[in-house]
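Q: Just dropping this structure here.
The values are calculated or read from the model by the stated rules, or taken from the named source; none is laboratory data. Since the model is a prediction, treat every value here as computed from it, not as a measurement. Using ideal geometry, Cβ is built from the backbone for each residue, glycine included, and neighbour counts are taken over all protein chains shown.
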Amino acid sequence: MPSDARTKACPSAQPDMPGSTVLGIVEGTADDPEVRYLASPVPAAAEITSLAGDLLPTEVFRFSADCVESNCRHFDGRDCSLAKRITAVLPPVIDVLPRCHARPSCRWWHQEGAAACFRCPQVVTTTVWPTPEQMTVAEPSQTGETHAS
Ligand code: SF4
């Protein structure tokens, strides 16, 4: 599917990005996370992000926000390279499209189609102890903390 318009949304965003809303909540375990998508978006307000307690909001929630394109290290001038790596490296964890309110504007969906959605629930935006596979996908920073955003 082609990626085109500037109106696309990033489904692994930060809570302070323009238009940020809560996409889902990270459930499951540290080794086997599973995002549960909210039925409808909730603004990423401070009273929501504070529910993460001592953890980073991006360890507990997935946020969706306006794609900032060239202001993101994953944007290659046309596409989201993070979405490409997710579909190339990570295994599918589901085989039916999840109910996801972000789909109409989701850059990953518009770019990679169902292959992105089948892998999406395992993506945690900030993983403190990433696996080698997750490091490959997210291009780890010098700190060892991995951000899929
Ligand atoms: S990749 Fe699919 S499941 Fe994930 S946020 Fe985008 S539309 Fe939703």
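Q: Which pairs have Cβ atoms under 8 Å, sit 6 or more apart or on different chains, and link a residue in region 115-127 that is under 15 Å from ALA30 (Cβ atoms) and more than 9 Å from the ligand (Cβ to nearest atom) to one that is modelled with pLDDT under 95 and small (Gly, Ala, Ser)?
A: Filtered contacts from region 115-127: VAL124/ALA148; THR125/ALA148; THR125/SER149; THR126/ALA148; THR126/SER149; THR127/ALA138; THR127/ALA148.
Q: Right, something else. Pairs please, first residue from region 58-84 and under 17 Å from ALA138 (Cα atoms) and touching a residue at least 40 places away in the same chain (Cβ under 8 Å), second anywhere and within 14 Å of the ligand (Cβ to nearest atom) and charged (D, E, K, R), Cβ atoms under 7 Å, 6+ apart in sequence or on different chains.
A: Note: pairs meeting the criteria are CYS67/LYS8; CYS67/ARG107; CYS80/ARG107.
Q: Can you give me the number of residues within region 47-82 that are assigned to a helix (DSSP H, G or I) and out of contact with any Pro (no Cβ under 9 Å at 6 or more places or on another chain)? Steps first, answer last, please.
A: Filtering region 47-82 down to residues assigned to a helix (DSSP H, G or I) leaves 47-52, 57-60, 69-71, 81-82.
From what is left, the residues that are out of contact with any Pro (no Cβ under 9 Å at 6 or more places or on another chain) are 47, 52, 59-60, 69-71, 81-82.
Count: 9.
Residue by residue, here is whether (1) within 13 Å of the ligand (Cβ to nearest atom); (2) in a loop (DSSP other than H, G, I, E, B); (3) of a type in the set (S, T, N, Q); (4) at pLDDT 95 or above holds:
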| residue | (1), (2), (3), (4) |
| --- | --- |
| ILE94 | yes, yes, no, yes |
| GLN111 | yes, no, yes, yes |
| PRO130 | no, yes, no, no |
| MET135 | no, no, no, no |
| SER141 | no, yes, yes, no |
| GLY144 | no, yes, no, no |
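Q: Quickly run through region 21-33 and pick out the residues that are modelled with pLDDT of 95 or more and either within 12 Å of the chain's Cα centre (by Cα) or among the polar types (S, T, N, Q) (or both).
A: Scanning region 21-33 gives THR21, VAL22, LEU23, GLY24, ILE25, VAL26.
Q: Got a sec? Which of PRO18, PRO43, PRO11, PRO98 is surrounded by fewer than 19 Cβ atoms within 10 Å (Cβ to Cβ), within 15 Å of the ligand (Cβ to nearest atom) and of a type outside the set (Gly, Ala, Ser)? Explain how you work it out, then say what you get.
A: Values: PRO18 fails: within 15 Å of the ligand (Cβ to nearest atom); PRO43 fails: within 15 Å of the ligand (Cβ to nearest atom); PRO11 fails: surrounded by fewer than 19 Cβ atoms within 10 Å (Cβ to Cβ).
Residue meeting the stated conditions: PRO98.
Q: With THR49, THR87 as the choices, which residue is within 13 Å of the ligand (Cβ to nearest atom) and buried (at least 16 other Cβ atoms within 10 Å of the Cβ)? So that I can check it myself, show each step before the final result.
A: Working: THR49 fails: within 13 Å of the ligand (Cβ to nearest atom).
Just one listed residue meets the conditions, THR87.
Q: Among the numbered conditions (1) closer than 20 Å to PRO132 by Cβ; (2) crowded, with 17+ Cβ neighbours inside 10 Å; (3) charged (D, E, K, R), tell me where ASP31 comes up short.
A: Every listed condition holds for ASP31 apart from (2).
Q: Another question, if that's okay. For region 92-115, state whether one or more residues are under 23 Å from VAL42 (Cα atoms), of a type in the set (Gly, Ala, Ser) and out of contact with any helix residue (DSSP H, G or I) (no Cβ under 9 Å at 6 or more places or on another chain). Spell out how you get there, then give the answer.
A: Start the filter on region 92-115 by keeping residues that are under 23 Å from VAL42 (Cα atoms), which leaves 97-110.
With the extra rule that they be of a type in the set (Gly, Ala, Ser), the set shrinks to 102, 105.
This time we only want the ones that are out of contact with any helix residue (DSSP H, G or I) (no Cβ under 9 Å at 6 or more places or on another chain), so: 105.
So far as region 92-115 goes, yes, one or more of its residues are under 23 Å from VAL42 (Cα atoms), of a type in the set (Gly, Ala, Ser) and out of contact with any helix residue (DSSP H, G or I) (no Cβ under 9 Å at 6 or more places or on another chain).
Q: Now for a separate question. Scan region 79-120 residue by residue and report those that are of a type in the set (Val, Ile, Thr) and over 13 Å from the mean Cα position of the chain (by Cα).
A: We begin by selecting, within region 79-120, every residue of a type in the set (Val, Ile, Thr); these are 86-87, 89, 93-94, 96.
The answer is VAL89, VAL93, ILE94, VAL96.
Q: What's the total number of residues in region 129-138 that are in contact with a strand residue (DSSP E or B) (Cβ under 8 Å, 6 or more places away or on another chain) and farther than 19 Å from GLY24 by Cβ?
A: The qualifying residues number 2.
Q: Looking at region 24-36, I want the residues that are outside any strand (DSSP E or B) and have a partner that is within 12 Å of the ligand (Cβ to nearest atom) and modelled with pLDDT of 95 or more with Cβ atoms under 6 Å, at least 6 apart or on another chain. Which pairs are those?
A: none
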